[in-house]
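The values are calculated or read from the model by the stated rules, or taken from the named source; none is laboratory data. Please read all numbers here as calculations on a predicted model, not as lab measurements. Cβ placement follows ideal geometry from the backbone for every residue including glycine, while neighbour counts extend to all protein chains displayed.
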Amino acid sequence: MSKAASLIDIKGIRDGLLVKLGDAPWPDLQVALIHAVDERQAFFKGARLALDVGSQVLHVAELAALRELLSERGIFLWAVLSESSVSEQTTQNLGLATRISKPRPEAARSAPKSGVDETALWLAHTLRSGARVEFPGHVFVMGDVNPGAEIVAGGSIVVWGRLRGVVHAGAQGEASAVVCALELSPTQLRIAGEIAVSPKRKGKIQPEIACLQGGVLVAEPWQA
(Lines give C-alpha, C1' and ligand atoms only; values in the text may rest on other atoms or scores of the structure.)
Protein backbone atom coordinates (compact mmCIF):
# COMPACT_ATOMS: atom_id res chain seq x y z
CA MET A 1 0.00 0.00 0.00
CA SER A 2 1.34 3.45 -0.91
CA LYS A 3 1.83 6.12 1.75
CA ALA A 4 -0.93 8.24 0.18
CA ALA A 5 -3.38 5.33 0.20
CA SER A 6 -2.63 4.61 3.88
CA LEU A 7 -3.78 8.13 4.81
CA ILE A 8 -7.40 7.64 3.79
CA ASP A 9 -10.05 5.01 4.49
CA ILE A 10 -13.17 4.87 2.31
CA LYS A 11 -16.40 3.03 3.05
CA GLY A 12 -19.96 3.19 1.80
CA ILE A 13 -22.73 4.56 4.02
CA ARG A 14 -26.44 5.08 3.49
CA ASP A 15 -25.91 8.69 2.41
CA GLY A 16 -22.99 8.05 0.03
CA LEU A 17 -19.33 7.62 0.92
CA LEU A 18 -17.51 8.24 4.19
CA VAL A 19 -13.81 9.09 3.93
CA LYS A 20 -11.80 8.94 7.16
CA LEU A 21 -8.49 10.77 7.06
CA GLY A 22 -5.35 9.56 8.84
CA ASP A 23 -2.88 11.44 11.00
CA ALA A 24 -0.79 13.74 8.80
CA PRO A 25 -0.47 17.45 7.91
CA TRP A 26 -3.52 18.80 6.11
CA PRO A 27 -1.71 19.46 2.77
CA ASP A 28 -0.61 15.81 2.68
CA LEU A 29 -4.13 14.59 3.42
CA GLN A 30 -5.64 16.78 0.72
CA VAL A 31 -3.11 15.55 -1.85
CA ALA A 32 -3.79 11.92 -0.84
CA LEU A 33 -7.53 12.34 -1.17
CA ILE A 34 -7.41 14.05 -4.55
CA HIS A 35 -4.91 11.43 -5.76
CA ALA A 36 -7.29 8.65 -4.70
CA VAL A 37 -10.17 10.38 -6.49
CA ASP A 38 -8.19 10.86 -9.69
CA GLU A 39 -7.09 7.21 -9.67
CA ARG A 40 -10.71 5.98 -9.35
CA GLN A 41 -12.67 8.57 -11.27
CA ALA A 42 -15.48 6.21 -12.29
CA PHE A 43 -15.99 5.14 -8.67
CA PHE A 44 -16.14 8.65 -7.24
CA LYS A 45 -18.00 10.39 -10.10
CA GLY A 46 -21.28 11.85 -8.80
CA ALA A 47 -20.62 10.66 -5.23
CA ARG A 48 -21.98 12.32 -2.10
CA LEU A 49 -19.05 12.54 0.30
CA ALA A 50 -18.86 12.84 4.08
CA LEU A 51 -15.38 13.55 5.42
CA ASP A 52 -14.07 12.55 8.87
CA VAL A 53 -11.10 14.84 9.57
CA GLY A 54 -10.48 13.71 13.15
CA SER A 55 -8.67 16.36 15.20
CA GLN A 56 -7.57 18.43 12.19
CA VAL A 57 -8.10 22.17 12.73
CA LEU A 58 -9.51 23.57 9.50
CA HIS A 59 -10.38 27.11 8.53
CA VAL A 60 -12.85 28.27 5.90
CA ALA A 61 -10.27 28.84 3.15
CA GLU A 62 -8.83 25.33 3.52
CA LEU A 63 -12.15 23.50 3.56
CA ALA A 64 -13.64 25.66 0.81
CA ALA A 65 -10.62 24.92 -1.40
CA LEU A 66 -11.07 21.17 -0.90
CA ARG A 67 -14.79 21.41 -1.62
CA GLU A 68 -14.00 23.21 -4.87
CA LEU A 69 -11.45 20.57 -5.91
CA LEU A 70 -13.99 17.83 -5.27
CA SER A 71 -16.75 19.73 -7.06
CA GLU A 72 -14.53 20.06 -10.14
CA ARG A 73 -14.39 16.26 -10.17
CA GLY A 74 -18.15 15.83 -9.88
CA ILE A 75 -18.14 15.02 -6.15
CA PHE A 76 -20.53 16.67 -3.67
CA LEU A 77 -19.07 17.27 -0.20
CA TRP A 78 -22.07 17.48 2.15
CA ALA A 79 -20.73 16.71 5.63
CA VAL A 80 -17.51 17.06 7.66
CA LEU A 81 -17.08 15.22 10.97
CA SER A 82 -14.53 16.61 13.37
CA GLU A 83 -13.31 16.47 16.96
CA SER A 84 -12.21 20.11 16.69
CA SER A 85 -14.65 22.89 17.64
CA VAL A 86 -12.88 25.19 15.18
CA SER A 87 -13.34 22.75 12.30
CA GLU A 88 -16.96 22.17 13.32
CA GLN A 89 -17.64 25.92 13.20
CA THR A 90 -15.89 26.13 9.82
CA THR A 91 -18.13 23.33 8.55
CA GLN A 92 -21.25 25.14 9.74
CA ASN A 93 -20.10 28.42 8.20
CA LEU A 94 -19.90 26.67 4.82
CA GLY A 95 -23.40 25.27 5.20
CA LEU A 96 -22.23 21.67 5.54
CA ALA A 97 -23.56 19.05 7.95
CA THR A 98 -21.52 18.14 11.04
CA ARG A 99 -23.24 14.79 11.67
CA ILE A 100 -24.39 11.85 9.60
CA SER A 101 -27.42 9.72 10.30
CA LYS A 102 -26.99 6.23 11.73
CA PRO A 103 -30.43 4.57 11.63
CA ARG A 104 -30.95 1.33 13.54
CA PRO A 105 -30.66 -1.72 11.24
CA GLU A 106 -34.14 -2.99 12.14
CA ALA A 107 -35.64 0.43 11.41
CA ALA A 108 -33.91 0.56 8.06
CA ARG A 109 -35.21 -2.89 7.12
CA SER A 110 -38.80 -2.12 8.08
CA ALA A 111 -38.97 1.31 6.44
CA PRO A 112 -41.45 1.48 3.55
CA LYS A 113 -40.01 1.86 0.09
CA SER A 114 -40.41 5.35 -1.33
CA GLY A 115 -38.55 7.89 -3.41
CA VAL A 116 -37.37 9.81 -0.34
CA ASP A 117 -34.57 8.96 2.06
CA GLU A 118 -36.44 9.16 5.39
CA THR A 119 -33.37 10.34 7.33
CA ALA A 120 -33.18 14.00 8.34
CA LEU A 121 -30.37 16.53 8.34
CA TRP A 122 -30.34 18.83 11.37
CA LEU A 123 -28.59 22.21 10.97
CA ALA A 124 -28.41 24.13 14.25
CA HIS A 125 -27.30 27.41 12.70
CA THR A 126 -28.31 30.12 10.25
CA LEU A 127 -27.50 29.56 6.58
CA ARG A 128 -25.84 32.67 5.24
CA SER A 129 -25.55 33.94 1.68
CA GLY A 130 -23.53 31.55 -0.49
CA ALA A 131 -24.30 28.45 1.60
CA ARG A 132 -25.84 25.51 -0.30
CA VAL A 133 -27.22 22.39 1.39
CA GLU A 134 -28.28 19.28 -0.56
CA PHE A 135 -29.67 16.19 1.17
CA PRO A 136 -31.74 13.18 0.00
CA GLY A 137 -34.03 13.24 3.05
CA HIS A 138 -35.67 15.95 5.16
CA VAL A 139 -33.82 19.11 6.24
CA PHE A 140 -34.46 20.94 9.53
CA VAL A 141 -32.81 24.34 10.11
CA MET A 142 -32.74 25.78 13.63
CA GLY A 143 -32.08 29.32 12.43
CA ASP A 144 -32.66 31.57 9.43
CA VAL A 145 -32.09 30.88 5.74
CA ASN A 146 -30.75 34.18 4.46
CA PRO A 147 -31.10 35.56 0.92
CA GLY A 148 -28.44 33.93 -1.27
CA ALA A 149 -28.57 30.62 0.65
CA GLU A 150 -30.10 27.50 -0.92
CA ILE A 151 -31.53 24.20 0.33
CA VAL A 152 -32.32 21.24 -1.93
CA ALA A 153 -34.02 18.33 -0.16
CA GLY A 154 -35.46 15.03 -1.31
CA GLY A 155 -38.05 15.36 1.46
CA SER A 156 -39.56 18.26 3.41
CA ILE A 157 -37.84 21.42 4.66
CA VAL A 158 -38.54 22.94 8.08
CA VAL A 159 -37.03 26.29 9.06
CA TRP A 160 -37.36 27.35 12.69
CA GLY A 161 -36.68 30.94 11.72
CA ARG A 162 -36.98 33.24 8.72
CA LEU A 163 -36.87 31.63 5.29
CA ARG A 164 -35.68 34.23 2.78
CA GLY A 165 -33.43 32.16 0.51
CA VAL A 166 -34.09 29.53 -2.18
CA VAL A 167 -35.58 26.16 -1.24
CA HIS A 168 -36.52 23.07 -3.25
CA ALA A 169 -38.38 20.34 -1.35
CA GLY A 170 -39.30 17.02 -2.92
CA ALA A 171 -36.41 17.49 -5.34
CA GLN A 172 -36.70 13.91 -6.64
CA GLY A 173 -40.38 14.44 -7.50
CA GLU A 174 -41.93 13.81 -4.08
CA ALA A 175 -45.14 15.85 -4.35
CA SER A 176 -46.13 15.20 -0.71
CA ALA A 177 -43.14 17.20 0.60
CA VAL A 178 -43.81 20.47 2.42
CA VAL A 179 -41.91 23.63 3.36
CA CYS A 180 -42.53 25.14 6.80
CA ALA A 181 -41.09 28.31 8.34
CA LEU A 182 -41.80 30.77 11.14
CA GLU A 183 -41.55 33.45 8.43
CA LEU A 184 -42.11 32.15 4.91
CA SER A 185 -40.60 34.78 2.59
CA PRO A 186 -38.42 32.78 0.16
CA THR A 187 -36.69 34.26 -2.85
CA GLN A 188 -37.89 31.14 -4.65
CA LEU A 189 -39.76 28.06 -3.45
CA ARG A 190 -40.12 24.75 -5.25
CA ILE A 191 -41.90 21.55 -4.35
CA ALA A 192 -41.31 18.68 -6.78
CA GLY A 193 -41.70 20.30 -10.22
CA GLU A 194 -43.74 23.34 -9.17
CA ILE A 195 -42.11 26.71 -8.55
CA ALA A 196 -43.22 30.00 -7.00
CA VAL A 197 -41.78 33.24 -5.65
CA SER A 198 -42.95 34.86 -2.46
CA PRO A 199 -45.56 37.60 -3.00
CA LYS A 200 -45.34 40.91 -1.16
CA ARG A 201 -46.57 40.23 2.33
CA LYS A 202 -49.62 41.96 3.73
CA GLY A 203 -50.62 41.90 7.36
CA LYS A 204 -49.06 40.13 10.33
CA ILE A 205 -46.20 37.67 9.82
CA GLN A 206 -47.11 34.19 11.02
CA PRO A 207 -45.73 30.64 10.71
CA GLU A 208 -46.78 29.09 7.40
CA ILE A 209 -46.62 25.79 5.57
CA ALA A 210 -46.36 25.50 1.79
CA CYS A 211 -47.55 22.39 0.01
CA LEU A 212 -48.97 21.15 -3.26
CA GLN A 213 -52.75 20.98 -3.53
CA GLY A 214 -54.12 19.77 -6.83
CA GLY A 215 -50.76 20.46 -8.46
CA VAL A 216 -50.75 24.09 -7.26
CA LEU A 217 -48.40 25.56 -4.62
CA VAL A 218 -50.32 27.07 -1.71
CA ALA A 219 -49.28 28.53 1.64
CA GLU A 220 -51.42 28.18 4.76
CA PRO A 221 -51.01 29.02 8.46
CA TRP A 222 -48.73 26.49 10.14
CA GLN A 223 -50.68 25.25 13.13
CA ALA A 224 -50.42 22.29 15.48
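Of the residues Ala177, Ala192, which is surrounded by 18 or more Cβ atoms within 10 Å (Cβ to Cβ), on the phi > 0 side of the Ramachandran plot and of a type in the set (Gly, Ala, Ser)?
Numbers: Ala177 fails: on the phi > 0 side of the Ramachandran plot.
Selected residue: Ala192, the only one of Ala177, Ala192 that is surrounded by 18 or more Cβ atoms within 10 Å (Cβ to Cβ), on the phi > 0 side of the Ramachandran plot and of a type in the set (Gly, Ala, Ser).
Within region 172-186, being of a type in the set (A, V, I, L, M) and without any contact (Cβ under 8 Å) to a residue 60 or more places away in the chain holds for Ala175, Val178, Val179, Ala181, Leu182, Leu184. Looking at Asp15, Asp9, Asp52, just one residue is touching a strand residue (DSSP E or B) at 6+ places or on another chain (Cβ under 8 Å), in contact (Cβ under 8 Å) with a residue 40 or more places away in the chain and not assigned by TED's automatic domain parsing to the domain that holds Pro136, and that residue is Asp15. In region 14-24, the qualifying residues are those that are farther than 19 Å from Glu83 by Cβ and assigned to a strand (DSSP E or B), and the one that is modelled with the lowest pLDDT is Gly16. Kindly indicate which of Leu58, Leu69 is within 28 Å of Ala120 (Cβ to Cβ) and either modelled with pLDDT of 90 or more or assigned to a loop (DSSP other than H, G, I, E, B) (or both). After ruling out the rest, the residue left standing is Leu58. Picking from residues in region 81-124 that are aliphatic (A, V, I, L, M), closer than 18 Å to Leu66 by Cβ and surrounded by 14 or more Cβ atoms within 10 Å (Cβ to Cβ), the one that is modelled with the highest pLDDT is Leu81. Against the definition (over 26 Å from Val145 (Cα atoms), of a type outside the set (S, T, N, Q) and not in a helix (DSSP H, G or I)), how does Asp28 come out, yes or no? In short, no.
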